[in-house]
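A short reminder: the numbers here are calculations on the coordinates, not readings from a lab. Predicted model only: the values in this text are computed from it and were never measured. A quick note on method: Cβ atoms are made from the backbone with ideal geometry, for glycine too, and the neighbour counts reach across all protein chains shown.
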Amino acid sequence: HDYSKDDIRRIVKEQDVKFLRLMFTDVLGTLKNVEVPISQLDDLLNDKIMFDGSSIEGFVRIEESDMYLHPDLTTWMIFPWSTERGRIARVICEVYKPTGEPFEGDPRNNLIRVLKDMKEAGFTSFNIGPEPEFFLFKMDENGKPTINLNDQGSYFDMAPLDLGGNCRREIVLTLEEMGFDVEAAHHEVAPGQHEIDFQYADALNAADNIQTFKLVVKTIARKYGLYATFMPKPLSGINGSGMHLNMSLFNDDGDVFYDENGELKLSETAYHFLGGLIKHAKSYTAICNPLVNSYKRLVPGYEAPVYVAWSGSNRSPLIRVPNARGLATRLELRSADASANPYLAIASVLEAGLDGLKDGIVPPKSVDRNIYRMDEDEREENEIVNLPDDLLDALEELSSDETMKKALGTKIFNSYLAAKHLEYDAYRAQVSDWERNQYMEKY
Ligand code: GLN
Ligand code: MG
Ligand code: MG
């Protein structure tokens, strides 16, 4: 919605809004918020809300700790859950420096910058349709997640196998009350695993929606005594949770990936974009799969991609071209998971695709056979390489990719790499149960 300041003032009175949650996302993808009472509304509308950014991970050095929040009024939304003392609204903000310039360390500002480049290249919007998956675990009496799943259901199961149904339905209703267009909600393959798909949106709105979606899922699950997690691989031996990203690029004439006369009815632009996505796949994996744990999902046997390849007919590769054509022509990236910072993930895949357009990159041939049945020689013949094995491998790919540096901007690029190397080092120093079980008695 395009709200004016006066619209907001009127809505606040009519709806008895008492608190404002001012939201932004840090570099690691965590949604943060400052809550202010409604008395601060005028300061908010005049971009005068100041906060101390120094406490926010990955965000600022001490000397630049004074930051301003500029609300994006199009994101104004009143939470459907109300308190006895009035209602709570949220608005997503951009972080600005005291000098009045956008802060480069804010992932949302960064995506806005990359989208401006895209517009200069002649496009009107980059659309993203996400397919986030998550698990529902039982919660213990302290509100902590246990490792007990809430049901034993599987793909598209119904009650009583799907005990998440009521909870999932309330999530869907709440999302709808908040303006989401939910397209489908279903039990996923693994026990306790669910997926909710909502309508695609342009890149910035889609990233905002993903952040809001995760908050809603977690909030509603709690009401049912369940703990919702988007952790990519919470349990070994069963599928992990991904967040497939469907992407399409538009100009004034519509979806530029579609060409009635092209091979597979895809345009030359689509093939070059795909070429860029294939070329930079290893490096944006560090952004789309940001956790040590993300790499435990990207192993053979669990419907998650392992190899860099694409196909128009087969579901196993990294990138798939879903059947729909015309305005629904799109590319589906199947590696991403919901622990990724959506602003950074979308910026990185867009920049990869635009690089493909700029350089006219031609993608390798499509791979329409099951890659998991090929041996190493066959994969080599088909130019199929592996996705990074672990976070360290992915970070090395990222650090040497200039296109990704452009996608994130130097500031985020550097702070992201530093923060993720620390995370990897901390992990490497840990000794796991698996190691003790394997080695203790044998050696
Ligand atoms: N959960 C699978 C993954 O890890 C995807 C399953 C599906 O949606 N087909 O990506
Ligand atoms: Mg799915
Ligand atoms: Mg999918």
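Excluding residues fewer than 8 places away in the same chain, name every one of the aspartates and glutamates whose C-alpha is closer than 20 Å to that of K223. Partners found: E84, E133, D140, E141, D151, D162, E170, E176, E177, E195. With a ≥ b ≥ c taken as the square roots of the eigenvalues of the C-alpha gyration tensor of the stretch 1-152, please select rounded if a/c is under 1.5 and otherwise prolate if a/b is larger than b/c or oblate if it is not? Rounded shape, in that the Cα axes give a/c under 1.5. On a C-alpha basis, how far is the centre of the stretch 374-415 from the centre of the stretch 82-158 in Å? Whole number, if you could? Each part's Cα centre sits 24 Å from the other's.
Does anything in the stretch 241-275 have its amide N under 20 Å from the 7 Å Cα→Cβ label point of D117, and if so which residues? It comes to 247-251, 269-275, nothing else. Counting 0.36 nm for each residue step from E84 to D253 and taking away their Cα separation leaves a gain of 55.9 nm. When DSSP beta bridges are restricted to pairs lying wholly in the chain, around 85% turn out antiparallel.
Among the GluC sites (Glu not before Pro) within the stretch 375-442, which fall in a DSSP loop and have no more than 12 other Cβ atoms within 10 Å of their own Cβ? In loop regions of the stretch 375-442 (DSSP not H, G, I, E or B), the sparsely surrounded GluC sites (Glu not before Pro) are E441. Each Lys or Arg adds one and each Asp or Glu subtracts one; over the other residues with Cβ under 14 Å from the Cβ of M374, this totals -4. Bridging of K282 to lysines at a Cα separation below 22 Å is possible for K233, K296, K358, K365, K405, K406, K411, K420, once same-chain residues fewer than 8 apart are set aside. Assuming charge only on the beta carbon of Lys and Arg (+1) and of Asp and Glu (-1), the dipole of the chain about its Cα centre is about 980 debye to the nearest 20. Measuring nothing but how far apart in sequence close Cα pairs (under 8 Å, 6+ apart) lie, relative to its length, the stretch 102-223 scores a relative contact order of 29 percent.
Taking other C-beta atoms within 10 angstrom as a stand-in for reagent exposure, T74, T25, T174 fall in the order T74, T174, T25, fewest first. Taking a ≥ b ≥ c as the square roots of the eigenvalues of the Cα gyration tensor, an a/c ratio below 1.5 marks the chain as rounded.
By the count of other C-beta atoms within 10 Å, a proxy for reagent exposure, D7, D401 are ordered fewest to most as D7, D401. Estimated at 0.36 nm per residue, the fully extended path between Q438 and S400 surpasses their Cα-Cα distance by 10.1 nm. Placing R0 at 41 angstrom, the Cβ-Cβ distance between L264 and S236 gives a FRET efficiency of 0.65 after rounding to 0.05. Note on Q430 and Y3: the model spin-label points, each 7 Å out from Cα along the C-beta direction, lie 4.0 nm apart. By the count of neighbouring beta-carbon atoms within 10 Å, fewest first, L44, L69 end up ordered L44, L69.
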